[in-house]
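Following: one structure in structure tokens, then a few remarks.
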Amino acid sequence: MSPKNSDISVMPRERIQSSNLDKSTPPGQAYVDTFPIYDITPNLPLFDSTKWRFRVWGAVENPVEWAWDELMQLSVIEVVADFHCVTKWSKKALVWEGVPTREIVELVHPEPDVVQVMAHCSEGYTTNVPLEYLLMEDSLLAFSLNGEPLTPEHGAPLRLLVPQLYAWKSAKYLQGLEFQAEWEPGFWERRGYHLIGDPWEEQRYWEPVDRVRQWWRKIRVTKVERADKGK
């Protein structure tokens, strides 16, 4: 079951153009008119807004848990972004609506040694996302696609959206984020997919963790350290 239109505010939103719109087409990708659907189970999760909960926990100072109505009270923006699947198809300029993930990061205050966040989903799927990407302005907890609430096939009621990474990182049926201080693989990462998943680097498949750590040191920015600021 998808959220009803009445469950989601229709007030005008700030709209952000993802920086991935300005990048060249990632190597090996082709834009398509269809929208292929992938799941790890044929039994899609059912949504009951009275029972649904979203948790954020792990290596954070302020773990939280929200009901659906409480999550909808957080700030919401629109993001226009391309969408790149690791199986080499892409969608052009999709319009997503949701809560900025960097607001979640700021609310829970990660410990200084956090390197990644594990997304946990209601059907059992998991995927790891480097903390860096959840601080980007175009990453969302998304509940709407192209002006309509997400359908079950697209991850209703909530999915992670990380436009700067391959789409398997944009986990459907999202129910929690676990902040972690070690590199840990999720569902597809344990089966040979890359711990990072940058389309422009063609990070499709597994690399040794030492190389992932080298990448992290190269791209990490000062603002990630805000958790221990002033301590």
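Since every read-out is calculated from the coordinates, none of them should be taken as a lab result. No experiment lies behind these values; they were computed from the predicted model shown. When we count neighbours, we look across all protein chains shown, and the Cβ atoms used for this are built from the backbone with ideal geometry, even at glycine.
Where does the chain land at 222 nm, in deg cm²/dmol rounded to the nearest 500, when only DSSP H runs of n ≥ 4 count, each adding -39500 (n - 2.57), divided by all residues?
It lands at -3000 deg cm²/dmol.
What order, most packed first, do the peptides 133-146, 62-75, 83-96, 26-39 have when packing is the mean number of other Cβ atoms within 10 Å of each residue?
133-146, 83-96, 62-75, 26-39
With a sphere of radius 14 Å drawn around the Cβ of F35, what net charge do the other residues whose Cβ falls strictly inside it have (Lys, Arg +1; Asp, Glu -1)?
Every neighbour counted, the sum reads -1.
Highest first, please rank the peptides 154-165, 173-184 by the mean number of other Cβ atoms sitting within 10 Å of their residues.
154-165, 173-184
Please name which of L150, P199, S139 has its Cα lying farthest along the dipole of the chain towards the positive end, using unit charges on Cβ (Lys, Arg +1; Asp, Glu -1) and the Cα centre as origin.
Ranked along the dipole, the leading option is P199.
Tally Lys/Arg at +1 and Asp/Glu at -1 over every other residue whose Cβ is under 10 Å from the Cβ of R55; what's the total?
Around R55, the surrounding residues sum to -1.
Here is the link list: K91/K169; K88/K172; K51/K169. Which ones come out longer than 23 Å on Cα distance?
Table pairs above 23 Å Cα-Cα are K51/K169.
Which Cα, out of I16, F35, L160, lies furthest along the positive dipole direction of the chain (beta carbon charges, K/R +1, D/E -1)?
My answer, from the dipole projection, is F35.
Using the Cα centre of region 13-228 as the reference point, and only Cβ charges (+1 on K/R, -1 on D/E), how large is the resulting charge dipole? Debye, rounded to the nearest 20.
Using only the charged Cβ atoms, the result is roughly 520 debye.
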